[in-house]
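The values are calculated or read from the model by the stated rules, or taken from the named source; none is laboratory data. If you're wondering where the values come from, they're calculated on a predicted model, not measured in any experiment. Reconstructed Cβ throughout: ideal geometry from the backbone, glycine too, with neighbour counts over all protein chains shown. Areas reflect the complete protein model, heavy atoms only, side chains present, ligands, DNA and RNA absent. Shrake-Rupley method; radii C 1.70, N 1.55, O 1.52, S 1.80 Å.
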Amino acid sequence: MSVSKIGAAVTALFFSAMVGGSALAQEAAKAVGAPQPKQLGFQEAASPVMERLHDFHNILLWTIIAIAVFVTLLLLYVMVRFNKKANPVPSTTTHHTWLEVAWTGIPVIILLLIAIPSFRVLYYMDKAPNPELTVKITGHQWYWSFEYPDHEGLAFESRMIPENEIQPGQLRLLEVDNRIIVPVGVDVRVLVTGADVIHAFAIPALGVKKDAMPGRLNETWFNVTREGVYYGQCSEICGTGHGYMPIAVEAVSKERFQEWLGQQKQALNSNGSAPRQVAEATAQ
């Protein structure tokens, strides 16, 4: 059994004990692209990058547990073995060379071992070697704009749907009027920048989090493994409207993506602007 499966099993057992297994299982079965009530842990991974981040997180989790257990047992041993009753005459030892080498060297070795999978994930999520689609994302106060450089002229803005206009099934503070549309199973290069202040483009289920800095073009990527809508938010405090900059990525089949591109280009040819989308209510 893989480390990720063991971690998921432990989490599931904990959930069952705390809030009741059946009800929580029904919640977890809902859309994976948004946080769920009473959820603990990450959202379910929907990209290879997030799957690797899950695995790395589980490695760190078990490492931390092992260290915490070891230190707890060591403290208990010290309290029993070296208390005043057991040692009426205290030791006068002030140095122990090998012990000092051990408590310095072992943490260094642990950090080096952790660094190996850490750098692997960092390099893996840095950029896609052969992306099939590019999306340029610009953060504004307080909305996002998206461009498809591979499809010249295709660009639109995305703003949060106000709370008084939310339809049944839509998510408050997460639903937008224009979603990023991408095909599943395709490496999507994401170019991120800012128009005014520093923002941050983040989609938890896809393992994406990249600062949008004015005057700088940062790069990351994702590959959505299944169709659905995946929500995120600006994760860099950017002013009074920071909490009202949601992001919605809708992953569709390659056939539906081509249809969508055709509709956008047809609208561009007819009136010079992409048609304004209306976010459909997504059952959660």
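Subtracting the Cα-Cα distance from 0.36 nm times the residue separation, let me have the gained length for Q141 to S270 in nm, one decimal. Write down the numbers at each step before the final one.
Values: separation 129, 0.36 × 129 = 46.44 nm, distance 3.01 nm.
Length difference between fully extended and current span is 43.4 nm.
Between L61 and T94, what length comes free when the chain is fully extended (0.36 nm per residue of separation minus the Cα-Cα distance, one decimal in nm)? Write down the numbers at each step before the final one.
Values: separation 33, 0.36 × 33 = 11.88 nm, distance 3.46 nm.
8.4 nm is the gain from fully extending L61 to T94.
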Give me the distance in nm between label points sitting 7 Å out from Cα along the Cα-to-Cβ direction at T225 and I110, one decimal.
3.0
With bins 10 Å wide starting at 0, give me the P(r) of segment 138-205 over every alpha carbon pair, in whole percents.
17, 45, 33, 6
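Could you give the dipole magnitude of segment 123-224 about its Cα centre, charging the beta-carbon of Lys and Arg +1 and that of Asp and Glu -1, in debye to the nearest 20? It would help to have the intermediate numbers written out before the result.
Values: 9 positive and 14 negative charges, 55 e Å.
The calculated dipole for segment 123-224 is roughly 260 debye.
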What is the sum of charges, Lys and Arg at +1 and Asp and Glu at -1, for the other residues whose Cβ falls under 10 Å from the Cβ of P149?
-1
Binned Cα-Cα distance frequencies in segment 176-261 - 5 Å width, integer %:
3, 15, 23, 24, 18, 10, 6, 1, 0
Simple spin-label model, 7 Å along Cα-to-Cβ: V71 to D150 in nm?
4.7
For H95, what accessible area in Å² do you get when you roll a 1.4 Å probe over the heavy atoms of the protein chains, rounding to the nearest 10?
140
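What do you get for Rg/Rh over segment 110-265 if you use C-alpha atoms and the Kirkwood form of Rh? Intermediate results must be reported in sequence, preceding the final value.
Numbers: Rg = 16.1 Å, Rh = 16.3 Å.
Here Rg/Rh amounts to 0.98.
So which trypsin sites (Lys or Arg not before Pro) in segment 138-245 are both in a DSSP loop and have at most 15 other Cβ atoms within 10 Å of their Cβ?
Details: sites: R159, R172, R179, R189, K209, K210, R216, R226; in loops: R159, R172, R179, R216, R226.
In loop regions of segment 138-245 (DSSP not H, G, I, E or B), the sparsely surrounded trypsin sites (Lys or Arg not before Pro) are R172, R216, R226.
Given a Förster radius of 22 Å and the C-beta distance between W103 and M79 as r, what FRET efficiency does 1/(1 + (r/R0)^6) yield to the nearest 0.05?
Details: r = 18 Å, r/R0 = 0.82.
For R0 = 22 Å, the calculated efficiency reads 0.75.
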Taking all pairs of distinct alpha-carbon atoms in segment 87-145, Kirkwood radius in angstrom
17.3
With a 1.4 Å probe and all protein chains in place, put M79, M50 in order of accessible area, largest first.
M79, M50
Projected onto their principal axes, the Cα atoms of segment 42-166 stretch, largest extent first, over whole-Å spans of 83, 42, 26
